[in-house]
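Trainee: Structure in structure tokens, see below.
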């Protein structure tokens, strides 16, 4: 669906995107994860024909993004980082115009607009100027606009940046639904580790214009090792005894190590046999944070989101 | 491409109508110019170089053209708003051609100037305007006004796309205001005394628009030579500006 080979974009002396190669399969959700300025948006702009690559080659839906830009545009849907909405027009007017620009007849465009308004739950607000919409409604309208011509590949550039948690989850659900119900291939960029983890089948981590690692969330996490267990005891002697049973050392009253050959049950049974009772015991999955630190040597400074 | 252009034109017209303050002040200023110039300067028309024509007929083109310059600036500003809202990027992502995307707002700008010109004419008629050659005088003046307006709207669209800044787009059109006055604005060329101003007026395209309009407004018979020169200048300007605007459409999304 998307094939990218050694794609480069330089602005003056700076390489915003530096020899990036990857491929996205049909029906997949693929995430580009990286901090601000990593080259995510520039990549999207090149793949969607808005910006010409300095070097390299890219194909979307089998069409070359430079030589067949019109075919590319007809087959893709794009939601850029800023929502692309004229505030003076109503939601319905924007959707109908969009349909007409994608060669639909007036009746077809009107019917499609009605459908999409229902899908993104904007039927009631349809005839109000979009300038009066809330942030979440505007994103939903923006998403609807990208779907007008039933694209098979969808590009979402930071679809939830700046949204509150509730609207974010709405967008996540919408993205999943598009992928599952219509089999739409989705390329999304995000600076939120949780978002990539939550939505994407495969993730490419991009930093300073280069892809530093690629794989499923689990594959990436395996790079930094498996689950770790952390326990806290009332006194240091207990902690020491517990640590020794697994061949590790305690740090004061705390013990933590990578589980590796043990299962959580092994640990609990072993502690129980020795009559040891930790005050607190937690098992932690490695996060994409850890992955980012490991593959780039830098700690992650992207956005933080809390979803409870 | 024509369907697309029409769709973009319709959309721009809708946007203009919903933002009445984007055109009302400009219209008021044009009418104000007309009133002030006519009442303040009308006695110069008794000079022989005016060949007996009324000063109102002579000055009317100035009001129309300065209104066109101001109004066309609004076209560029509307485009800057689109770039800032991200809507322009969405339009670039449709299969619509770049030319249609910039031509739509230009045509809408031109239609706005058409209505504006009609309104200025109505005020002039109220002030007692009579056109010696009759209806063709009216028709060709309007034609020249919208031709010049289309060119100017293209200029402002091009500047807007190049700078992506509303102030710069406005400043770009303000730079053109001197052109209106470095011309046969208030008196015929024979009456201009400063040699440099005569030279400037000769090279100034606005001069030919003025002369073209006056060729059908002030004379007892149409001066076809001056009229064709005016129409040719308006046509050429429009074409050059459409190309200027369209070639800038792609660059509009370059990172700042």
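The values are calculated or read from the model by the stated rules, or taken from the named source; none is laboratory data. Since the model is a prediction, treat every value here as computed from it, not as a measurement. FYI the Cβ positions are ideal-geometry reconstructions off the backbone, even for glycines, and counts take in every protein chain you see.
Trainee: Tell me the strands (runs of 3 or more DSSP E) entirely within segment A:1-100 that contain at least 2 residues that are closer than 27 Å to residue A:115 by Cβ and facing another protein chain (nearest Cβ under 9 Å).
Mentor: Answer list for segment A:1-100: A:76-79.
Trainee: While we're on this one: All but one of (1) more than 30 Å from residue A:21 (Cβ to Cβ); (2) under 18 Å from the mean Cα position of the chain (by Cα) hold for residue A:203, so report the exception by its number.
Mentor: Going through the list (1) more than 30 Å from residue A:21 (Cβ to Cβ); (2) under 18 Å from the mean Cα position of the chain (by Cα), residue A:203 breaks only (1).
Trainee: Of the residues that sit in segment B:71-129 and are more than 13 Å from chain A (Cβ to nearest Cβ) and either in contact with a strand residue (DSSP E or B) (Cβ under 6 Å, 6 or more places away or on another chain) or not in a helix (DSSP H, G or I) (or both), which one is surrounded by the fewest Cβ atoms within 10 Å (Cβ to Cβ)?
Mentor: B:128
Trainee: Can I ask one more? Kindly provide the set of residues from segment A:24-44 that are modelled with pLDDT of 90 or more and loosely packed, with under 15 Cβ neighbours inside 10 Å, ordered by number.
Mentor: Listed by number, the residues that qualify are A:25, A:26.
Trainee: I'm trying to understand the selection: among the residues of segment A:230-248, which are under 21 Å from residue A:286 (Cβ atoms) and exposed (fewer than 13 other Cβ atoms within 10 Å of the Cβ)?
Mentor: Once the filter is applied, which keeps residues that are under 21 Å from residue A:286 (Cβ atoms) and exposed (fewer than 13 other Cβ atoms within 10 Å of the Cβ), segment A:230-248 yields only A:247.
Trainee: Here is a follow-up. For segment A:263-276, enumerate the residues that are assigned to a loop (DSSP other than H, G, I, E, B) and either in contact (Cβ under 8 Å) with a residue 24 or more places away in the chain or in contact with a strand residue (DSSP E or B) (Cβ under 6 Å, 6 or more places away or on another chain) (or both).
Mentor: Hits for segment A:263-276 are A:274, A:276.
Trainee: In the list A:201, A:197, which residue meets the criterion of being over 24 Å from residue B:89 (Cβ atoms) and crowded, with 19+ Cβ neighbours inside 10 Å?
Mentor: A:197
Trainee: Quick test of your reading of the structure: residue B:25 fulfils all but one of (1) within 30 Å of residue A:79 (Cα to Cα); (2) surrounded by fewer than 23 Cβ atoms within 10 Å (Cβ to Cβ); (3) away from chain A (no Cβ under 14 Å). Name the failing condition by number.
Mentor: Answer for residue B:25: the failing condition is (1).
Trainee: Go through (1) away from chain B (no Cβ under 14 Å); (2) surrounded by fewer than 21 Cβ atoms within 10 Å (Cβ to Cβ); (3) not in a helix (DSSP H, G or I) for residue A:127 and report which single condition fails.
Mentor: (1)
Trainee: Same structure, new question: Could you go through segment A:231-246 and let me know if any residue there is more than 30 Å from residue A:11 (Cα to Cα), in a helix (DSSP H, G or I) and modelled with pLDDT under 85.
Mentor: no
Trainee: Read through the list (1) surrounded by 17 or more Cβ atoms within 10 Å (Cβ to Cβ); (2) in contact with a strand residue (DSSP E or B) (Cβ under 7 Å, 6 or more places away or on another chain); (3) under 23 Å from residue A:200 (Cα atoms), then give the number of the only condition that residue A:53 fails.
Mentor: (3)
Trainee: Among (1) more than 19 Å from the chain's Cα centre (by Cα); (2) within 14 Å of another protein chain (Cβ to nearest Cβ); (3) surrounded by fewer than 19 Cβ atoms within 10 Å (Cβ to Cβ), which single condition is residue B:40 missing?
Mentor: Result: residue B:40 fails condition (2) only.
Trainee: Ok, one more. Output the number of residues of segment A:148-167 satisfying the condition of being modelled with pLDDT under 90, touching a helix residue (DSSP H, G or I) at 6+ places or on another chain (Cβ under 8 Å) and not in a loop (DSSP other than H, G, I, E, B).
Mentor: Qualifying residue count, segment A:148-167: 2.
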